[in-house]
């Protein structure tokens, strides 16, 4: 009895001594996690290199980032991600120390301190109507020692003080249909020209005194041909425009009254290719037009004569003008030709000579050059040198100097569309890249350091040495599969249509591939990447094959745009094949069947509700036809508030005579009343989720059976009024309804209404539960609710006798057509933060308990134990319930800072969280992406199946030694004692 | 300091009659984020560095940043009840419910949603600091002893040194019997050493 109680005490001690460490120690940062910062595709760049100090560049991007970069290495000094509806219209540098940003359609102007990124001032600009937003920072224009910024936005011209953002004067342009195109400041003067079109055939010019906003002159002239598109300023009092047909170039001079000069494009180039488009440039006397794929650079002479100086079939980018020595402007042209890009820098008034001509070798998978920004520096021999910042088709940013790429940034990774994973090759003889420790001395030294570390005797230098040793561990970035399944490839598809493979160990890019099927071409003007699927995951029959992924894209944003497929090998990063589809892609259903080469069958549903099977092989068709009657899917039409269930009918009939085309039929539909309910969220379980057991043993030895079905759909609807933003409705006129729908039969299994609540709803579905996050207007707080669904039809299987006599129904087939006997349990809790996305951890066998991964509005990822969202929580749990692990009920969910997966980092612009099981059951891999990327390993129930890195081997050794010593000591003691006994 | 001020400038009214009516009742929300000195001296969130603090309205509908003195403002906000959140690494801020009243311009009503505390002016202070890392406990004998290995050693030592003490206090008569039994059984077992086991 004593022994038993002692053992219990011992075990209790054993468990209590393991601290519940779900979080990190500060020195563990970077061991299993990595964080990468990106910007997105640069849309404007301004250099700051005047002073002798650091050379820097300010950029604004399509991901709404404004950042200051180091020109030497391309590192980020500081960065701000503006809100998604606060799109940046323009940036510039004022006073040499402030970065000015104009955003939100020209209504917010901010100044940031250049060295540290602190916001200095912010002003709100308003105006009478929507218009183009233009930002102009005039040089040498001062009002009482104060530099000004000129902004044209929302139909109003504002002059804003650089020092405090105060509006000095404003001038409205009220003309009903006036569309201001350009605001021009002739260098060195106090005048501003505002030019634009009114009622499509009137050219208007306003001359304004920049010091007080006084209107000096207003002229307008009609041009019967009308205008098209943009204007390009060529001189300070001359602009170039196109007539409404796009065939005639107009040189508009407004120095002394407005005069038009027409030049048909066909006069300039013999073979004209239809309507042209002006590419605006700020270079004096030079502009470019584009017709189809042909770019024509045109020079304007002093007499407003036009002259073609270059005509090329290559995609050409022209930089803005860069003032070099007095009155002279330089600009750059860049073109791609095969494996190289050609960069030319010229003076504006001298086309024939090049200041600089360079060819730079460029990776084919960066595509064309989209933008170029140039900057000059003075070489040691007092001549001018130029550096060019270029933005490529894959959204990467590169700095070129002296014919070389100084640095490059893969900023395409800031806009990830979809992520999947792939295994690495199996380690074979000869492919091992493991490094053996150099010699015994090094090895010993390393271990001595580690021992010092564990005994807390290490000096700061030693600690730094240990830290770098741990981080440099070559084991984690090896290119082969590991035993625990921690090393994988993350395959990501970016908005630029580029596929990247990132290594999970340290996040380096293993390969990248610019998909031709997702590039702009003559056939397809606006290709869009949609999804990534695992196409081939060889494991049993096809071990020699490489795994591959399927990339699905479509041509244009409309729903009936034709689709495009490509298949990419994930080991080599080469495209295996690509297909341009004749049908559209509305929905993709990966089927749970594979063919003999382990290619997964995919069903593509087009806009006309035909189903197309891929791969198009006879084998795949025969597999598919066998399972034809077991395939169901649903579609959601959120505009009409309809959810429909579908099944297959048979081979296509009619004009589409294709072996792999199948007709579909509608099985059921649920129509939500459009005046009271609007669908705002639908969520299903992940297809590859593994559930360990259906049974759940609860406190008093009872068993509950989870209702586990792959065909459950969670739908959230809100009242039409409540579909707007927070603050736009009162609690009385808003409600939120949550449904659980069976997608095979269309049966509504559960429905619950939350009165006084509204969206946005973020939900996650796993096993037999769904958790959703919404806003409670009455309490004015966010809430999270959980619904768990249990199968009652199996509840009477608990009787042992029934099991013995075989009277149970465990082996009876499950059909969704039989009326399910289910019960649901639910509970709601307050949650502090707004949420951007929710995910749930997934493990290989589904044994490990689950954690919710909540992407908060602060761009952090919080891990929250599912036990906090258990509908069986009560205020005072019984002893039995406590033993089961039920936490006493609280009204809000706890936010424990240590359980932030992202610790002290932010995943700026967070959009999605993906979890992938490792081979080790306790561990799951988490990848969060937005503008930044973050990866880590997570063990929701701690690593119970393997020793952690900080397992104390020293202590184990000491213990063994101590035990051996104790045994020998007691042995000798007892020997001696026995001898004494015998002598006595 | 906090004030909800109407945006309607007289000038705007007179000069822009075509101004859309939706913007007519647009207001500004001005407030201040104050991080007390002394907090945040533990590393990551540098004291006084406010440039990485974001203020979010209604779950990210509007995002603004702090001026050097901690002031922030949201422009063009319609009347209604709004939610302001502050995102700052290293600090926990409660979301704030802000009522912008159309009838009573200039009046601010704000309350922390976490503890329903009303605010007389819109000055937001962190409720607490957030420590993202576990703190390593310094090496100590106790932690060594409390670990499973330490317990094992302790148990062994206890058996080795305390058991003979227990045996010593036994009746010599019983002791001899036990020893005889032991010899007869050959293999000494743990149960026979115990007083309870020795009795039979």
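Considering all alpha-carbon pairs of chain A, what whole percent are spaced by more than 41 angstrom? It works out to 52 percent of all Cα pairs. Sorting A:674, A:723 from the fewest to the most surrounding beta carbons within 10 angstrom yields A:674, A:723. Residues of the stretch A:949-983 with an amide N closer than 16 Å to a point placed 7 Å from the Cα of residue B:137 along the Cα-to-Cβ direction: A:952. For the pair residue A:521 and residue A:971, the difference between a 0.36 nm per residue extended length and the Cα-Cα distance amounts to 153.4 nm. Helix A:2-17 and the longest principal axis of the C-alpha atoms of chain A enclose an angle of approximately 0°. Structural descriptor for the stretch A:834-942: relative contact order 29 percent, calculated from alpha carbon pairs under 8 angstrom and at least 6 residues apart. As a rough guide to protection, the peptides A:306-318, A:185-197, B:53-65 ranked by mean Cβ packing within 10 Å, highest first, stand as B:53-65, A:185-197, A:306-318.
The slack between residue A:427 and residue A:589, meaning 0.36 nm per residue of separation minus the straight C-alpha distance, is 55.0 nm.
Give me the percent of Cα-Cα pairs in the stretch A:932-984 that sit more than 19 Å apart, rounded to a whole number.
So the pairs more than 19 Å apart make up 62 percent of the total in the stretch A:932-984.
Placing R0 at 45 angstrom, the Cβ-Cβ distance between residue B:28 and residue A:747 gives a FRET efficiency of 0.30 after rounding to 0.05. Computed from the C-beta positions of residue A:308 and residue A:75 and an R0 of 56 Å, the FRET efficiency is 0.85 to the nearest 0.05. By the beta-carbon count within 10 Å of each Cβ, the least crowded to most crowded order of B:83, A:667, fewest first, is A:667, B:83. Could you work out how far the C-alpha centroid of the stretch B:150-172 sits from that of the stretch A:905-959, in angstrom? The stretch B:150-172 and the stretch A:905-959 have Cα centres separated by 43 Å. Neighbouring Cβ atoms from other chains, within 10 Å of the Cβ of residues in A:781-794, number 1 on average. Measuring between their Cα centroids, the stretch A:690-739 and the stretch A:836-902 lie 16 Å from each other.
Normalised by the number of residues in chain A, the mean separation of alpha-carbon contacts (under 8 Å, six or more apart) gives a relative contact order of 6 percent.
Helix A:953-983 and the long axis of chain A differ in direction by around 20°, with both axes built from C-alpha atoms. Principal-axis analysis of the Cα atoms of chain A puts helix A:440-454 at an angle of about 80° to the longest axis. Between residue A:164 and residue A:407, the modelled label-to-label distance comes to 3.8 nm, taking each label 7 Å out from Cα in the direction of the beta carbon. The mean of 1/r over all distinct Cα pairs in the stretch A:834-942, once inverted, gives the Kirkwood hydrodynamic radius of 14.7 Å. When only alpha carbons are used to place a centre, the stretch A:323-355 and the stretch A:585-639 end up 54 Å from one another.
The base-10 log of I(q)/I(0) for the stretch A:54-136, evaluated at q = 0.22 Å⁻¹, reads -1.04 [Debye formula, identical scatterers on Cα atoms, solvent excluded]. With contributions of -39500 (n - 2.57) from each DSSP H run of at least four residues, the per-residue ellipticity at 222 nm computed over chain A stands at -3000 deg cm²/dmol.
Between residue A:337 and residue A:236, the C-beta separation translates, for a Förster distance of 30 Å, into a calculated FRET efficiency of about 0.30.
Bear in mind these aren't lab numbers, they're just calculated from the coordinates by the rules spelled out. The shown structure was predicted, so the numbers you read here are calculated from the model rather than taken from an experiment. Note that each Cβ is placed from the backbone with ideal geometry, even for glycine, and that neighbours are counted across all protein chains shown.
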